[in-house]
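Single-structure report; data block below.
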Amino acid sequence: MKPDVQRYENIQQLSATAAELICQLAKICVNAHGYFTLALSGGSTPRSLYECLAREPYVSRMPWADTHLFWGDERYVPANHDDSNFKMTSRSLIEHVPIPLANVYRIPTETTSPEVAAQQYEATLRECLYIFDPLSESKNLPVFDLILLGMGKDGHTASLFPGSPVLEEQQRWVAVAPAPKLNPPVRRITLTFPVINAARNVLFLIAGAEKQPIVQAILENPEKAKEEYPTARVEPNDGKLLWFLV
Ligand code: 6PG
């Protein structure tokens, strides 16, 4: 699948355009089905976007009361750990916007094991199916309005790493990923491809010259790239695929 690729001069321009897109999409989704379901990405690239959404003009435009936040993946560390995606998104976004805390669905990492965390998060998604796109019921999958993703230097996305057994998961919505070679080398909890590819919109934010060869490889030959780079396997069944690059 060829994504809609947009290149930016700098991370500020990329983030402002992404924030504008999210505000517009949120309004459309709330008008259409009452809610806006957004799965956040971790890593460092999206921090600038989250900070953008937390200030004017975007913070006043977002329908926070009807916005429901989830995570595409999480490191199996405490929520206040410096490697926690929840901590990064709290500091850059959640603590600064008027979103009801009941609308924030953190991946629980205080559980006895990452397997229990994955089971609990999948149960949360099942309990929340009513707030997802009405398609969710018929598809028996949470159809997110928007999933934000990044891409690592090895072509991974969320916590779907090259060679991981989780790449082949077709039943579970949420799975445990073994600790990767990349930092932080901790086990992860991640959405699986069936859920990611059910989304109505997927937006990749990809920054860094070192990633450009993988970007090019996927754009030039997506089918071949699938063998090596999990990012190439994100192909929304009925949704839109956008890549914002800098
Ligand atoms: C994570 C992310 C991961 C991230 C990529 C890119 O938990 O780290 O979900 O998939 O998006 O590793 O990270 P950067 O934006 O920091 O390059």
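Please list, in order, the residues from region 51-82 whose amide nitrogen is less than 16 Å from a point placed 7 Å along the Cα→Cβ vector of GLU20. Flagged as within label range: 52-53, 56-59, 61-62.
Among DSSP beta bridges lying fully in the chain, give the percent that are antiparallel, nearest 5. All intermediate terms of the calculation are to be shown ahead of the outcome.
Values: 8 of 29 bridges.
Of all bridge pairs located within the chain, approximately 30 percent are antiparallel.
Accessible surface for region 1-113, divided over its residues, is 45 Å² per residue with a 1.4 Å probe. Computed from the alpha carbon atoms alone, the convex hull of the chain holds 113 Å³ per residue.
Amide H contacts under 5 Å for ALA177: ARG188, ILE189, THR190, restricted to partners 5 or more places along the chain or on a different chain, H placed in the peptide plane at 1.01 Å from N. Ranked by the mean number of other Cβ atoms within 10 Å of their residues, highest first, the peptides 25-31, 167-173, 125-131 fall in the order 25-31, 125-131, 167-173.
Applying D = kT/(6 pi eta Rh) to region 40-134, where Rh is the Kirkwood radius over alpha-carbon pairs, T corresponds to 4 °C and eta to 1.567 mPa s, the Stokes-Einstein value obtained is 92 µm²/s.
Using the per-residue mean of other Cβ atoms lying within 10 Å as a proxy for protection, in what order, highest first, do the peptides 115-122, 156-163 fall?
The most tightly packed comes first, giving 156-163, 115-122.
When the accessible area of region 30-150 is computed with all protein chains present and a 1.4 Å probe, what percentage of it is carbon and sulfur? In region 30-150, the share of accessible area belonging to carbon and sulfur is 51 percent.
Looking at region 33-108, the trypsin sites (Lys or Arg not before Pro) that sit in a DSSP loop and have at most 14 other Cβ atoms within 10 Å of their own Cβ are ARG55.
The values are calculated or read from the model by the stated rules, or taken from the named source; none is laboratory data. These numbers come from a predicted model, not from an experiment. Positions of Cβ are backbone-derived with ideal geometry, glycine not excepted, and every protein chain shown enters the neighbour counts. Accessible surface is based on the protein model in full, side chains and every heavy atom, while ligands, DNA and RNA are left aside. Shrake-Rupley method; radii C 1.70, N 1.55, O 1.52, S 1.80 Å.
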